[in-house]
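Encoded as structure tokens, the structure appears first; notes follow it.
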Amino acid sequence: MEKKTIVKLLRLCIFFIIANLPFLTMTHLLGIETFLDSFQHPDSYHYLKNNNIVGLGQKTGYIILMKPPHLDNYLCEGDRILYRSTDETVECRIVHSIQIKPEETTYFMTTANENSFVEPISEYQILGKTTGIIDDNPWNVLSIQIWSLTIEKLNAVSLFLNP
């Protein structure tokens, strides 16, 4: 009788680990703070497939993008952002400096070598802040899709916060 209980417990543990592997992968790729924040603010997190985004390597598969309601509270110097340039291409650059005026906030970007600058951009051009850049392999794709589905369809925070 005791042996059957141990086997059932072992099977349950193995099932629990396998069922949570995509979440463990996303926690590793994004960090625990971003992963937990994605459940509190599911509308702010999206993932994009890299389709020749300027400023990213060809090996980059997916970009996790954070689009908070007020970007001025979240963007700092050194952050990597995705934005639409004046010629309508999507680019990924690092914020070098921020100039805040009452009528508009202007962001100055560096290029990949960080010695040259590109034209300044405005808030309305920003698509969001990149919180993760993930390689394109089948396991990562599956993990991203399960994570995205879970934050959109399942409010896991309410399971733990509300008694």
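The values are calculated or read from the model by the stated rules, or taken from the named source; none is laboratory data. It should be emphasised that the depicted structure is a prediction, and the values quoted were computed from it without experimental measurement. Ideal geometry is used to build each Cβ from the backbone, glycine not excepted, and the neighbour counts take in all protein chains shown.
Tabulated results
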| item | result |
| --- | --- |
| Criterion violated by D135 - all others in (1) surrounded by 13 or more Cβ atoms within 10 Å (Cβ to Cβ); (2) within 14 Å of the chain's Cα centre (by Cα); (3) modelled with pLDDT of 80 or more satisfied | (1) |
| Hits in segment 1-45 (condition: of a type in the set (A, V, I, L, M) and more than 30 Å from K129 (Cα to Cα)) | M1, I6, V7, L9, L10, L12, I14, I17, I18 |
| Where a residue in segment 92-104 is over 10 Å from D79 (Cα atoms) and its partner, wherever it lies, is crowded, with 16+ Cβ neighbours inside 10 Å and basic (K, R), with Cβ under 8 Å and at least six apart | C92/R80 |
| Pairs where the first residue, in segment 137-153, is of a type in the set (S, T, Y) and assigned to a helix (DSSP H, G or I) and the second is surrounded by fewer than 11 Cβ atoms within 10 Å (Cβ to Cβ) and at pLDDT 85 or above, C-beta under 7 Å, 6+ apart | none |
| Boolean, S116 is at pLDDT below 80, small (G, A, S) and out of contact with any Gly (no Cβ under 7 Å at 6 or more places or on another chain) | yes |
